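What follows is a short report on a single structure.
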Amino acid sequence: MANAGKPDLPEGYLGAQGSFGDLGLSVSSHSDPCITIRENHLDISFNCSTPVKFTHQLINCATEKENNEYVFTHTKDKTVVFVIQLPEIGYYKLQLFALPVTDESKSLPNVFNYLIHCTRAVQPVYPYPKQYAQWKEGCFLYKPLILHNDSKLTNIQWSVQVPHAKGVAVVADGEWFHFENRGGPIWDATFSLDNLRGKNAKITLNANLSDDETKYCTLLEYKL
């Protein structure tokens, strides 16, 4: 179903909201909150003067359906990047919510809103991995952003930045694949998951962030 015309939005809805400036946030890529793109993939980035955690809502304006699985958030060098896929042409509301990493509140206030108009949707879309709480504390995924049953599953190259990690591993259907540290917070690995194709397998990226070397927390969760 294609989207209808441009939606009516409340006055003041678009752009920076509430505590945007107080959080030390500034726009890096798209200062105009009305974005028109001729493709269905888009990156939006913000600068953060202090560590900030984000959540998001991506809403199809015609159906009011949430498409949150098509937004992936990661952080590198005080820049937060939102990697976005749009399933079909039309208008979408992207609502961003944020708090300082040190704030343990469960409810994050709205800090910025975009209206995105997608005029062409040629590329296929696939859900991004689910992002857990610790992922939002400065982690960045170089590859792979997406895994699915139609993708290449032999010799998958992994590269991830996890601040303060003492170990990183993928657990795939109960099997552990440990990463090598490439210096600083960068961890890499290469392995195959071809045996899991079509098995609805859960694949998690995990990190050891504590003094107990046996204790790993989940950062990301993929599903084949």
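Since every read-out is calculated from the coordinates, none of them should be taken as a lab result. Not measured: the values here are computed from a predicted model. Methodologically, a virtual Cβ is constructed for each residue, glycine included, from the backbone with ideal geometry; neighbour enumeration extends over all protein chains shown.
Values computed for the structure shown
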read-out: Calculated on alpha-carbon atoms, Rg and Dmax of segment 15-118 in Å; value: 13.2, 39
read-out: Label point at Lys223 placed 7 Å out along Cα→Cβ; residues across segment 126-170 whose backbone nitrogen lies under 15 Å; value: 126-132, 147-149
read-out: Built amide H within the under 5 Å cut-off of Cys61, gap 5+; value: Tyr91, Tyr92, Lys93
read-out: In Hz, Karplus ³J(HN,Hα) per residue of segment 27-36 (6.51, -1.76, 1.60; θ = phi - 60°; x = Gly, Pro); value: 6, 9, 10, 10, 6, 7, x, 9, 10, 10
read-out: Charge tally in the Cβ shell below 15 Å around Lys65, where Lys, Arg are +1 and Asp, Glu are -1, Lys65 excluded; value: -3
read-out: Rg [Å, one decimal], Dmax [Å, integer] - segment 76-127, C-alpha atoms; value: 14.4, 40
read-out: Residues of segment 21-50 with amide N under 20 Å of the 7 Å Cα→Cβ point at Tyr13; value: 31-37
read-out: Stretch gain in nm, segment Val122-Glu104, where the contour uses 0.36 nm per residue and the Cα spacing is subtracted; value: 2.5 nm
read-out: Cα radius of gyration and Dmax for segment 96-224 (Å); value: 16.5, 51
read-out: Spin-label pair Asn181/Ser210, simplified geometry with 7 Å Cα→Cβ offset, distance in nm; value: 1.9 nm
read-out: Spacing of the two label points (7 Å from each Cα toward its C-beta) at Ala62 and Tyr132, in nm; value: 3.8 nm
read-out: Long-range HN-HN contacts of Val168 with modeled amide H, under 5 Å; value: Phe179, Asn208
